[in-house]
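Please read the structure below before turning to the comments.
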Amino acid sequence: MTWYQTVGQHPDTVISSRVRLARNLSGYPFSSKLGAAEANEIIEKIGSVLEPAGFRKIHFSGISPVLATSYVERHYVSPDFANKTSPHALFLEEQEGLAVMACEEDHLRIQCILPGLSLEEAFKNARRTEQLLDENFDFAYSEKLGYLTHCPTNLGTGMRASVMLFLPALTMGGYMDALASRLSKIGLTVRGLFGEGSGSAGCMYQISNQVTLGFSEEELLHRLEDAIKQTIEKEEKMRKSISGDALDRLTDRILRSEGILKYAHMLSSSEFVKLFSDVRFGISLGIVNDITYEQLGELLVETMPATLTLSAEHSPKTAAARDMLRAKIVKEKLTHDNRGKE
Amino acid sequence: MLCEKCKKRTATVFYNENINGKVRSFSLCGDCAAKMREKGELQDVTSMVGSFADPFSELQDHFFGSFFGLPSPSYIEEKACPTCGTTYREITKNGLLGCPDCYKTFEAELESTIGAAQGTTRHQGAVPARHRAKQKLEEKRKELKAKLDAAISKEEYEEAARLRDEIRKLSANEKSDEKGEN
C-alpha cells in the first residue's frame, strides 16, 4: 500500500505528510556544475548503498517523459527533476514512502511521504535513510551553516517538512488568505495544490516550513505540527457550524457531485478535482456513505494525465478520449468496487 | 510580473530613481538589470531593491536569488571560487552557489543575504557522524587541557606529565585517522 492508497491520522482534514532532507557529497561541485561523468558516479555511489537496502533504482535519463511525469503525480519527484536533461536517478522504496532523488538541485533529496498527519514518522524514516548514507559518505557540512546546499534557502537542516491539508470549509468561508498571512509570520508558507494562491480548486493546500537554518529539526517539526493542529481545529469548527439552509444547499451540491462523479461519461481533470473535493467533504460530513477516502485517494493519482495515459492499453490521443477514459476509471472504481465488496 | 525590458523573465529587481525630481522606475529581471548597470543606465543604485517573485513556491525556491538586488563593486562581482570557478556575479544572478567551498569563499558577501533569507546564520540541527566524532575528540582534548592547567597550577607535575602524554596520544590518533581517510 502506498501513501495515496491508504489513510492516516486525521483523514477528514489531512491527506499526507512529507519530510525531505537536502544533502550534498563533499568533493563534488553542486548539481548545476556537475559533469555527466561525475553525476553518474554519484548515482552509482548512492545506488551501492540504497539498492542493497531495498530501494529500486529508476534511471530517469532512460525513461519516457510520460513515465517521468507519473512520478511527479505520485509526489515522488519534483517537476524540475522529471524535466532534467543531465543524468539523474530516483531510488524508491514505496512501502515506506521513501524516495531519494539523486542529482536533483542537490545531490540528494531524501524524502518520506506518508498518509495523514505523521510528520514525526516521516522524519524518522527520512532520517534513517539519511544516516545509512551518512555512514558511507562525507556530506558537505559546516559547523556554522550546517548542511551546505546548492541554494542557501535550504541551508542548515536542509529539511523541508510539509503537510497536505484538505480545507473545504475554510476555503468556502474565505479564510485562506488570513490563514496564509498568519502562518507566514511564524515562518510557514501555504501553497494551493491545484492552481495558485488562495483559490485552490480542490481545497487542498500544502503548508511547509520556510526557514531551514537556526532551529533543530525537532523544533521545526513541532512548530509546523502545532500550526497544523490549530488549522485542523479551525477547519473542524467551521464544518460543525454549517447548519440549516446552508447545510441543505451544501448537501444538495455534494450529492449532485457524487452522482456526476459516479456516472459521467466524460470528466476533465479540473472537473474531477472539483467533484473530488465535494465528495471528500461529503464523506467527512456523513453525507456520502458508499465512497471511501482510500478510493478517492487512489483516483486522485490515477486520473492525473500521465498516470492515466500509462494505464491505458492504447494511449488516448485526444483530450476527449482522455476525459472519457478518466470517467470510465472513476465509474469503475466507485460503482464496481463497492459491488465487489457486497 | 515580467521584466519590462526582455518581457521574458520574471522581474526580480525593482528600481526607483529620483534625480533632481525626475522620477524613473523599472521592473527588471537580474540579467537586464545587470546589462543596464554595465551601460551605466541605472544611476541611483541605493534605491534598487530585490523582491520576492513568489515566496510560496517551494519547488522554485530560488527566490533567494532575488535578495541580491544591490549591485556590488566590480572586484567583488568578479571574485571567483578557487575550487569551482563560480563568480559572485553568477551567484547573484541565479541564487545558486557552485560548490560547498563557495560558502567559505564568499562568506563575507553572503552573510547578510543568508541572514535576510533565514533570519539567522547559526546552525542548530543535526550533525554528520564524521563531524560528531571530531567534536567529541575536541571536547575530550579541552577537558584534558583544563585538567593539565589545574595540575600545573597545583604543582602536581607527575599528573601533568601523564595528562600531557594523553593529549599527545589523542592528536596522534586523529592524524592517523585522517591519513586513513585519504
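The values are calculated or read from the model by the stated rules, or taken from the named source; none is laboratory data. As the structure is a computational prediction, the values presented were derived from the model and not from experiment. Note that we place each Cβ from the backbone using ideal geometry, even for glycine, and neighbour counts take in every protein chain shown. Heavy atoms of the whole protein, side chains included, go into the accessibility calculation; ligands, DNA and RNA do not. Shrake-Rupley method; radii C 1.70, N 1.55, O 1.52, S 1.80 Å.
General observations
- Carbon plus sulfur fraction of accessible area for the range A:76-223, probe 1.4 Å, in percent: 49
- Residues with amide H under 5 Å from that of A:Met159, placed H, sequence gap 5 or more: A:Ala22
- In a DSSP loop and with at most 13 other Cβ atoms within 10 Å, the GluC sites (Glu not before Pro) in the range A:123-167 are A:Glu143.
- Averaged over the residues of B:82-88, the number of partner chain Cβ atoms lying within 10 Å of the residue Cβ comes to 2.
- Nonlocal Lys pairs with alpha-carbon distance under 20 Å, the range A:244-339 (8 or more apart, or different chains): 8
- Cα-based reach from B:Lys136 at 19 Å (exclusive), listing aspartates and glutamates while leaving out same-chain residues under 8 positions away: A:Asp134, A:Glu135, A:Asp138, A:Glu143, B:Asp165, B:Glu166, B:Glu174, B:Asp177, B:Glu178, B:Glu181
- Interface residues in the range A:22-56 - accessible area drops by 50 Å² or more relative to the isolated chain, probe 1.4 Å: A:Phe30, A:Lys33
- Put simply, the amide H of B:Lys5, placed in the peptide plane, has neighbours under 5 Å in B:Cys29, leaving out anything fewer than 5 places away on its chain.
- Report note on the peptides B:128-139, B:89-100, A:282-293: ranked by the mean count of other C-beta atoms within 10 Å, highest first, their order is B:89-100, A:282-293, B:128-139.
- Put simply, the amide H of A:Phe30, placed in the peptide plane, has neighbours under 5 Å in B:Cys99, leaving out anything fewer than 5 places away on its chain.
- Straight-distance crosslink candidates among lysines, where the alpha carbon sits under 17 Å from A:Lys240 and sequence neighbours closer than 8 are dropped: A:Lys229
- Note that the range B:98-108 has calculated 3J(HN,Hα) couplings of x, 7, x, 5, 4, 5, 6, 4, 9, 3, 5 Hz, one per residue in order, obtained from phi through the Karplus relation 6.51 cos²θ - 1.76 cosθ + 1.60 (θ = phi - 60°); glycine and proline are x.
- For the pair A and B, the buried accessible area comes to roughly 3800 Å² in total, with a 1.4 Å probe and the value rounded to the nearest 100.
- Integer Hz, Karplus 6.51/-1.76/1.60 couplings in order for the range A:246-251, x for Gly and Pro: 4, 5, 4, 4, 5, 4
- Cβ-based charge dipole, the range A:1-98, positive-most Cα from A:Gly54, A:Ser32, A:Ile15: A:Ser32
- Counting only protein heavy atoms and a 1.4 Å probe, the protein assembly as shown has 48 square angstrom of accessible area per residue.
- Per-residue 3J(HN,Hα) values for the range A:307-316, derived from phi via the Karplus relation 6.51 cos²θ - 1.76 cosθ + 1.60 with θ = phi - 60°, read 4, 4, 4, 5, 6, 7, 5, 10, 5, x Hz in sequence order (x marks Gly and Pro).
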